[in-house]
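Working notes, beginning with the structure itself.
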Amino acid sequence: MNHLDFILDTKAVTEDGQIEGLAAGYGNIDAGGDVIVPGALARSLKGRTSVPMLMYHDQTRPAGIWTDFAESRDGLIVKGQISLSSRAGQEAHALVRDGAIGGLSIGYKTIREQVVGKTRQLLELALYEVSLVTIPMNERAVITSVKSLIEDGRLPTLPEFENFLREAGFSKSQATAIAGKGLAPLIRSESGSTPSDFLSALMAQIGA
């Protein structure tokens with residue numbers, strides 16, 4: 001499954017858990033050179049009355065459902081209901097209201113595409129879910145995420161760092177591999193490595 005991230009306006013959630021946001025932007029080329037063509041999600045959404053709302057693309061943490069889908073000039077607008085009766089939903093609602101969650105990220109499979117120049121145009125996508133994510137992250141934003149830990153003078157744990165990478169859109173296997181190469185050696189090291197050494201290793205691993 002692939003992921004694409006978009007900014008969520010924190011004002012787009014109500015006290016009773018109704019939420020609205022841009023789930024897929026049209027015409028904007030992302031860092032990987034992909035662009036969603038208008039209508040790319042139309043067939044996947046035809047006849048559907050709901051799409052899962054997850055936390056961080058984690059299928060074990062459903063936070064609600066998306067029930068309304070409308071295409072605008074900017075992209076696909078989704079509306080849904082956060083499940084305030086579930087632990088994940090309560091957490092999601094609080095984090096969105098506080099501004100700690102600031103992005104939507106779609107989980108999809110590419111059905112049809114074409115390459116124009118250096119750009120891959122996504123012509124048809126199968127939409128699996130729309131997740132709430134901390135921020136619409138990319139590889140460089142992972143560095144920003146771990147800086148708060150580094151400023152406290154400690155390294156993130158392996159699970160913490162793998163979670164950062166999963167939010168960034170890496171697969172589970174990729175996150176495990178990067179964490180293993182960039183962080184695990186520092187944790188095992190007895191040479192007095194510091195958090196700043198980890199940041200340098202991270203930047204080298206992801207090409208920042």
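The values are calculated or read from the model by the stated rules, or taken from the named source; none is laboratory data. Just so it is clear, the structure is predicted and the values come from calculations on it, not from any experiment. Neighbour counts run over all protein chains shown; Cβ positions are idealised from the backbone, glycine included. Only protein heavy atoms, including side chains, enter the accessible area calculation; ligands, DNA and RNA are left aside. Shrake-Rupley method; radii C 1.70, N 1.55, O 1.52, S 1.80 Å.
Would you mind estimating how fast the stretch 32-94 diffuses translationally, via Stokes-Einstein at 4 °C and 1.567 mPa s with the Kirkwood radius over Cα pairs, in µm²/s? The calculation lands on 99 µm²/s. In this rough spin-label picture, where each label sits 7 Å from Cα along the Cβ direction, the residue 119-residue 14 distance is 3.7 nm. Share of pairwise Cα-Cα distances greater than 20 Å in the stretch 1-132 is 41 percent (whole percent).
Rolling a 1.4 Å sphere over the protein heavy atoms, what is the accessible area per residue of the stretch 1-119, to the nearest Å²? Please list the in-between numbers first.
On the way: 6530 Å² over 119 residues.
For the stretch 1-119, the solvent-accessible area averages 55 Å² per residue.
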